[in-house]
Amino acid sequence: MFHFSGFNMMFPEGRNFTAAYKCFSVSMLPGNERSDVEKGGKIIMPNSALDTLTRLNVEYPMLFKLINGKKSRSSHAGVLEFVADEGKCYLPYWMMDNLLLEEGDILNIESVSLPVATFSKFQPHSTDFLDITNPKAVLENALRNFACLTKGDVIAIKYNKKVYELCVLETKPGNAVSIIECDMNVEFEAPVGYKDQSETQASGSGQQGAGAGAVGGELAGAANAVLEEVVETFKGSGVRLDGKKKKESQLETPVLKKVLPRGVPDYDFQFGLIRFDRNIRPISDRGNDKAGGSGNADGDDGESFHGTGFSMKKTRK
């Protein structure tokens, strides 16, 4: 009710609020950063909208239908504050993404009355949502910042400094419901890209069974063979530290390839017995070598440590 030229006038009940605003994301809102707006499903409208809604006797809680006429997309939201500049409204980024809106696009807003929710079903867009210990409690806490849900929307909730996206698959008793002061049952669908462990194990066992015969034949054939491994060193191209080009002689340096024999296990090993296999020839008698005056079998000189010795400590005279 309001006064106009001395008469009391009241708009009849049932009149809907309709307005068109330029929409912007919350990051464009003047003043301090408003991270609380991004966490929920409510928008910020100008002060003139509050005056009009008061005169129209709109039903509480105030719920609105957001329409993007260019893309034929619609959603529903509540209102958080009436502090936006005239002709503008501010939305969470995930809501603008659902409506296919860009900064400065025209958004039509209509007041609506929605039924109270009794059931909703969500599908996470990532398997990381399964890492949460109690997902229903996390979702219940996040939905406190929402006023309504719309079937087909993708909402975003934040938990432990991470944003999780969930698709609203189903809502009852309608495609758009109010979740303020309601008793709502919640169910989850399997996340996008999730595979059951039983299916993965069944497919893995089938592949292992098909290749078991071939692998067994290869192992039987190579049981007595000595395995060798080719090691190729310095595969990449070298670069000088001073930035100059390499010389032609350096470019033509061949790459070294080494063949390293891999060890073969000793299948005749006996527990508690250690063997030291060395190919060492026995040392000949040095006395015989000196008497004969000849070198040993390898052609080395039998007499070692030639020359005179020196002492590191000088003697005093």
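The values are calculated or read from the model by the stated rules, or taken from the named source; none is laboratory data. Values in this document were obtained by computation on a predicted structure and should not be read as measured data. No Cβ is skipped: glycine too gets one built from the backbone with ideal geometry, and neighbour counts run over all protein chains shown. Side chains are part of the model used for accessible areas, which takes the heavy atoms of the whole protein and leaves out ligands, DNA and RNA. Shrake-Rupley method; radii C 1.70, N 1.55, O 1.52, S 1.80 Å.
Here are some notes:
- Residue within region 166-188 that is within 20 Å of the chain's Cα centre (by Cα) and either at pLDDT below 90 or open to solvent by less than 70 Å² (accessible area, probe 1.4 Å) (or both) present: yes
- Yes/no for Ser120 being in contact with a helix residue (DSSP H, G or I) (Cβ under 7 Å, 6 or more places away or on another chain), buried (at least 17 other Cβ atoms within 10 Å of the Cβ), closer than 24 Å to Met184 by Cα and touching a residue at least 60 places away in the same chain (Cβ under 8 Å): no
- Residues in region 123-137 that are exposed (fewer than 15 other Cβ atoms within 10 Å of the Cβ) and either among the acidic types (Asp, Glu) or in contact with a helix residue (DSSP H, G or I) (Cβ under 7 Å, 6 or more places away or on another chain) (or both): Asp128, Asp131.
- All positions within region 137-184 that are of a type in the set (Lys, Arg) and out of contact with any strand residue (DSSP E or B) (no Cβ under 6 Å at 6 or more places or on another chain): Arg144, Lys158, Lys161, Lys162
- Members of region 27-76 that are of a type in the set (Val, Ile, Thr) and touching a Leu at 6+ places or on another chain (Cβ under 8 Å): Val37, Ile43, Ile44, Ile67
- Test: residue in region 51-65 that is open to solvent by 40 Å² or more (accessible area, probe 1.4 Å), in contact with a helix residue (DSSP H, G or I) (Cβ under 8 Å, 6 or more places away or on another chain) and of a type outside the set (Gly, Ala, Ser): no
- Strands (runs of 3 or more DSSP E) enclosed by region 49-108 - at least 2 residues per element that are within 34 Å of the chain's Cα centre (by Cα) and more than 16 Å from Glu38 (Cα to Cα): 63-68, 73-84
- Condition met for Val163 (free of Cβ contacts under 8 Å to residues at least 12 places away in the same chain, among the hydrophobic types (A, V, I, L, M, F, W, C) and not assigned by the TED database to the domain that holds Leu53): yes
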